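Laboratory data are not the source of any read-out in this text; all were calculated from the coordinates shown. Because the structure is a prediction, the values reported are computed rather than measured. All Cβ positions, even for glycine, are placed from backbone atoms using ideal geometry, and neighbour counts span all protein chains on display.
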Amino acid sequence: MSSRNLAAPARRLSLALAAMPALVPMMVVPLAPAAAQEASYVLGPDDVIDVQVYGQFPQPVRLRIRADGNISLPLLGDVRAAGLTPGDLAAAIRQQYNRGGYYTNPIVNVEVVSYVSRGVTVLGAVKTPGIVPLVRPTTLSAVIAQAGGQTGTSEVAILRRRGGAEQRFVIGQIAGTDADPVLQAGDVIVVPASERFFVYGQVRQPGAYPLEPGMTFRQALAQAGGQNDSGTQNRIQLYRAGAKTDIDELDTPIRSGDVLFIRDRIF
């Protein structure tokens, strides 16, 4: 092939790259899986990828896979991406550049930037909120762990894209059991911030504590280490919504924001 023929594709590529608009706005960077997991990930619409042809593209081209499953590349036009792994797509791009006579055996790399089509979104009180890719059947507790674990309440809500249903689970009760649900692509996981109650006065460990579902005054007192030698369970005051009352029944449920004050024992 003459130098003139070699120069033509390069000129067309330069013009194509210059004419391409900013293809994808910056997105929240999701959680990145291990390399082996990324390699087996099957691409789908709305996923964002970087395509690099080494020695030809001055920098990776960032693309969002369209609803029709295709991407558009310089010189090639539409290329099918949905249904392929990143490695399969890189091989297809390499083959098409070869077949078109644009480059000879180019080195092509495809990297997933944002997992949207086959991921779940984790929001709220976790260490690393974001999108967690589903590269294999994955349970709710496993996804919470991938998001760094909970920093809020143990109750977690799953919002299903299909049908709009909402399900609630307590992670500590389902982890490692058959009740731990397998998630679906598009699920939204919401971990609420901890609801809290407060214990002061004659207890061993006064302070603020997370409220668990169904917790009673007796259990709340136990969370604070129980009354100390100067305190008594028979002299507990409850401050709730600005009102003060005495607690007579310790097995009554406690509410978020309640303040318990354990008074001195009367000798």
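Run the paramagnetic zone check for Ala208: 7 angstrom along Cα to Cβ, then residues of segment 229-267 with backbone nitrogen under 17 Å.
239-242, 255-261
Using the count of nearby Cβ atoms within 10 Å as a rough guide to exposure, how do Glu111, Glu249, Glu195, Glu166 rank from fewest to most?
Final ranking by Cβ density, sparse to dense: Glu249, Glu166, Glu111, Glu195.
In terms of the ratio Rg/(2.2 N^0.38 Å) built on C-alpha atoms, what value belongs to segment 178-267?
Against the empirical 2.2 N^0.38 Å value, I get 1.37 for segment 178-267.
By how many nm would the segment from Arg66 to Glu111 grow when fully extended, if each residue of separation counts as 0.36 nm and the alpha-carbon distance is taken off?
14.6 nm
What's the FRET efficiency of Ala157 with Thr104 using the Cβ-Cβ distance as r and R₀ = 51 Å, to the nearest 0.05?
Working: r = 54 Å, r/R0 = 1.06.
Efficiency at R0 = 51 Å is approximately 0.40.
Quickly work out the Tyr239-to-Asp88 label distance, labels modelled 7 Å from Cα along the C-beta direction, and quote it in nm with one decimal.
Result for the modelled spin labels: 6.3 nm.
In nm, give the distance between the simple-model label positions of Asp248 and Lys127, each being 7 Å from the Cα along the Cα-to-Cβ direction.
So the label points at Asp248 and Lys127 sit 4.8 nm apart.
How large is the dipole of segment 119-191 about the Cα centre if only Lys and Arg carry +1 and Asp and Glu carry -1, each at its Cβ, rounded to the nearest 20 debye?
I would put it at about 200 debye.
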